[in-house]
Amino acid sequence: MIIKQISILIGNKMGRLAEVTEIIADNNINMSALTLAETPDNGVLRIIVDEPDKVEKILKQNNMTLSVSNVLSVCIDDTPGGLAKILRILADNNINIKYLYVFVSKQDSGKAYAVLRVKKEDAGRAAEILKKAGYNSNEQ
């Protein structure tokens, strides 16, 4: 399934991550996943939220630099090799992964979700390939 991810440039400044997450929490928006990557000058916070359009608006009102992109969300078994299976399917179909992160679902026991960023032009094809292989965003 293709979902929206928000990427926020937060800089390498003490307390900035706390500030961003507090703004989201103060607006009663749930984050289901996040990852933080660093560069020498900046941090890039990537989040999956239940109301991405609202978060985009709120963060822009708070003068934050961000972008919204489509990513794949795939439900996998939370077992050894669960992630390797979908990565092999994508590799065999010449889909290159730019980055990914995985989180465990508290609602779906034994399941995890992989969030994958592929080339924009490959997203639809990758989602279809995984769907045909029996994967989707809700269950495997």
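A residue that is surrounded by fewer than 17 Cβ atoms within 10 Å (Cβ to Cβ), out of contact with any strand residue (DSSP E or B) (no Cβ under 7 Å at 6 or more places or on another chain) and not assigned by TED's automatic domain parsing to the domain that holds L17 occurs somewhere in the range 70-80.
Is there a residue being within 24 Å of N136 (Cα to Cα) and assigned to a helix (DSSP H, G or I) anywhere in the range 74-82? So far as the range 74-82 goes, yes, one or more of its residues are within 24 Å of N136 (Cα to Cα) and assigned to a helix (DSSP H, G or I). Total residues in the range 12-36 satisfying the condition of being in contact (Cβ under 8 Å) with a residue 24 or more places away in the chain and either under 15 Å from S67 (Cβ atoms) or among the polar types (S, T, N, Q) (or both): the figure is 5. When restricted to residues that are assigned to a loop (DSSP other than H, G, I, E, B) and over 20 Å from I6 (Cβ atoms), the range 106-126 contains 5.
Being over 15 Å from the mean Cα position of the chain (by Cα) and within 17 Å of A126 (Cα to Cα) is true for just one of N94, N70, N63. Which residue is that?
On the way: N70 fails: over 15 Å from the mean Cα position of the chain (by Cα); N63 fails: within 17 Å of A126 (Cα to Cα).
The match here is N94.
Restricting the range 9-39 to residues that are assigned to a helix (DSSP H, G or I) and hydrophobic (A, V, I, L, M, F, W, C) leaves a set whose member that is surrounded by the fewest Cβ atoms within 10 Å (Cβ to Cβ) is A18. Of a type in the set (D, E), touching an Asp or Glu at 6+ places or on another chain (Cβ under 8 Å) and in contact (Cβ under 8 Å) with a residue 12 or more places away in the chain, is that true of D41? Spelling it out, it is not the case that D41 is of a type in the set (D, E), touching an Asp or Glu at 6+ places or on another chain (Cβ under 8 Å) and in contact (Cβ under 8 Å) with a residue 12 or more places away in the chain. If the condition is being modelled with pLDDT under 90 and among the charged types (D, E, K, R), then the range 79-110 contributes K106, D108.
The values are calculated or read from the model by the stated rules, or taken from the named source; none is laboratory data. Here the structure is a predicted model, which means the values were calculated and not measured. Using ideal geometry, Cβ is built from the backbone for each residue, glycine included, and neighbour counts are taken over all protein chains shown.
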